[in-house]
Structures are given as C-alpha cells and as structure tokens.
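The structure appears right after this line, and notes come after that.
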Amino acid sequence: MRVDYDDVTVEIGGTTIVEGVALAAEAGQFIGVVGPNGSGKSTLLRCLYRAVSPGSGRVLVDGTDIATVGMRENARQVAALTQDTTTPFDFTAAEVVATGRLPHAALLRGTHRRDAEICTAAMATADIAHLADRGFLSLSGGERQRVLIARALAQQPRVLVLDEPTNHLDVHHQYSVLSAARNLGITVVAALHDLNLAAQYCDRLFVLHGGRIACSGTPHEVITAEVIARWFSIGGHIVPHPRLGVPQIIFDEEDR
C-alpha cells in the first residue's frame, strides 16, 4: 500500500511540532525517517496510526484519507511498534502477541486456530517463542520490544510503522528485526536513530529537522558528509559497506 503525507502540520500545546511535511512511500518500500532528537519523527509517525491528528493536511493510505475510515479498519491496514512498552496488566508474552489479532476479529469471540497459527509464526520471527508463558512485566526491555514486534507482525498489516524499533535490542536482534520487517514485502515507515542501519535497510530516507523535511533521497544521496555535518552536527567519513555497497558513516566529532 502506498502512503502519502500531504502537507501535514501538527501542533501540540500551541507548539508546532511538524510543519508542512510531504512524504511518499510507494507500496512495498522501506522508508526511513531520521533526524536529531526533537525533530518531530515520532509525532510524524503517530499521524499514520492515528494516535495524533494533523491540524492541517492529510495522511493517505492507498489514496484514502485515513481520517475518513474507522479506527478498526485503519488498524487492519496499519500496525505500529511504538516507543511505549508498558502495559497495565501482567499478560503473558503470548497474550500480548494475541492482541494483534483483535482488529481482524469480532470482539470477545475468542482466538481461532488460524489466529493461533499466525501468532506462533510471529513469535518465531521475533525470536520470542521461548518467552510465550512469561509475564510481560518480568521481561527485560529488549525482550519486551521483541514481544511488541511480534504483536505488530501478528496484526498482518499492509503498512508497518516502526518508531525506533531497535531500542533496547542487542546487535543481533537489531539486524534480525529490520530484516524481518523488510522481508514482509509490505510498506514500512520507520523512525531510526542509527544512520548506518537506516542506510542498509531503507529504500529512501527523509531527514527531519525542526519539524520540516530538510532533505530526502536514496541512502547514497542522503548519507553524505555534508548532510551529516549540517543536520546532525557531527563530522563523519563516508565509506561503502564492503558487501552491500551502501554508505556507512565513521563518525568523527573533530571533523566538522
């Protein structure tokens, strides 16, 4: 499914967080939104899964303004992994993952065999099958993150929103989670802090600064020493990945 942000502006508490953003993700693309802290990345993503409503502009999925469809219908199409990993009840990991099936089921109808199969597959992909019976609140930050990733996968969305999905994850799981998302073959819109990971997994990158798109393009077009110095306030040497050929950054605080 194609995703379009059409001149989106968001104000919260009288402060403009996102201003005039136009962004497009073709069906099946992996799009990365990058930028310094406070640039508006999370707010921008929240518009797509309707946790925040734009003050002006539209967000469209497959050409339809998501504000014109029901929340449940939107949840069938769009799944989100947010930075909030809390839950007020100590559900088991398997129970948390199973909530990903709710948009597809009649409320309180119970979990059918197909739902269980989908959840089992999602837990295997996120490498949490061994945590199925553990209480969510007893898990480490990284384990909780992987449970929530499995929940998003169980939702079987056509658009996946990832807000800092590698937070709390060790190096192995950082790569496995992004690989799993890319291999789904669906549209992915992700906010990422790690620019080297973004260059490896994203088809296009959008640099957000002060709530506006500062620049955009392929990783080769965006990951340059000039962009890194200007918008991230740090020096960097750009080298090609030895296998993938994508640009990778060796950061150098003195070289600005």
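The values are calculated or read from the model by the stated rules, or taken from the named source; none is laboratory data. For clarity, every value in this text was computed on a predicted model and none was experimentally measured. Cβ atoms come from the backbone with ideal geometry, glycine included; neighbour counts cover every protein chain shown.
General observations
- Among the residues of region 192-208, none qualifies, meaning not one is more than 13 Å from the chain's Cα centre (by Cα), at pLDDT below 95 and either part of a helix (DSSP H, G or I) or among the charged types (D, E, K, R) (or both).
- Whichever residue in region 113-140 is part of a helix (DSSP H, G or I) and of a type in the set (Val, Ile, Thr) and, among such residues, is farthest from HIS172 (Cα to Cα): ILE118
- Number of the condition not met by LEU178 [criteria: (1) without any contact (Cβ under 8 Å) to a residue 60 or more places away in the chain; (2) buried (at least 21 other Cβ atoms within 10 Å of the Cβ); (3) in a loop (DSSP other than H, G, I, E, B); (4) not hydroxyl-bearing (Ser, Thr, Tyr)]: (3)
- Against the conditions (1) more than 28 Å from PRO54 (Cα to Cα); (2) of a type outside the set (Gly, Ala, Ser); (3) within 13 Å of the chain's Cα centre (by Cα), VAL189 satisfies every one except (1).
- Pairs, first surrounded by 14 or more Cβ atoms within 10 Å (Cβ to Cβ) in region 120-141, second of a type in the set (Ser, Thr, Tyr) and in a loop (DSSP other than H, G, I, E, B), C-beta under 7 Å, six or more apart: PHE136/THR87
- For region 136-174, the candidate set comprises residues that are touching a helix residue (DSSP H, G or I) at 6+ places or on another chain (Cβ under 8 Å) and of a type in the set (Gly, Ala, Ser); within that set, the residue that is farthest from ALA25 (Cα to Cα) is GLY142.
- Note on region 162-214: residues that are closer than 17 Å to ALA80 by Cα and among the charged types (D, E, K, R) total 3.
- Members of region 29-47 that are touching a helix residue (DSSP H, G or I) at 6+ places or on another chain (Cβ under 9 Å) and farther than 15 Å from LEU192 by Cβ: CYS47
- Verdict on VAL161 being touching a residue at least 60 places away in the same chain (Cβ under 8 Å), touching a Gly at 6+ places or on another chain (Cβ under 6 Å) and on the phi < 0 side of the Ramachandran plot: no
- Where SER216 falls short, out of the listed (1) surrounded by 14 or more Cβ atoms within 10 Å (Cβ to Cβ); (2) part of a loop (DSSP other than H, G, I, E, B): (2)
- Test: residue in region 153-174 that is surrounded by fewer than 23 Cβ atoms within 10 Å (Cβ to Cβ), hydroxyl-bearing (Ser, Thr, Tyr) and modelled with pLDDT under 95: yes
- Residue match in region 15-31 (condition: without any contact (Cβ under 8 Å) to a residue 24 or more places away in the chain and part of a loop (DSSP other than H, G, I, E, B)): no
- Checking each residue in region 219-242 for being crowded, with 19+ Cβ neighbours inside 10 Å and in a strand (DSSP E or B) picks out only GLY236.
- Check on GLY245, surrounded by fewer than 17 Cβ atoms within 10 Å (Cβ to Cβ) and at pLDDT below 95: no
- Matching option when the condition is surrounded by 13 or more Cβ atoms within 10 Å (Cβ to Cβ) and either modelled with pLDDT of 95 or more or more than 14 Å from the chain's Cα centre (by Cα) (or both), among LEU48, LEU81: LEU48
- Every residue from region 41-79 that is in contact (Cβ under 8 Å) with a residue 24 or more places away in the chain, within 22 Å of ALA152 (Cβ to Cβ), of a type outside the set (Ser, Thr, Tyr) and part of a loop (DSSP other than H, G, I, E, B): ARG50, ALA51, VAL52, ASP62
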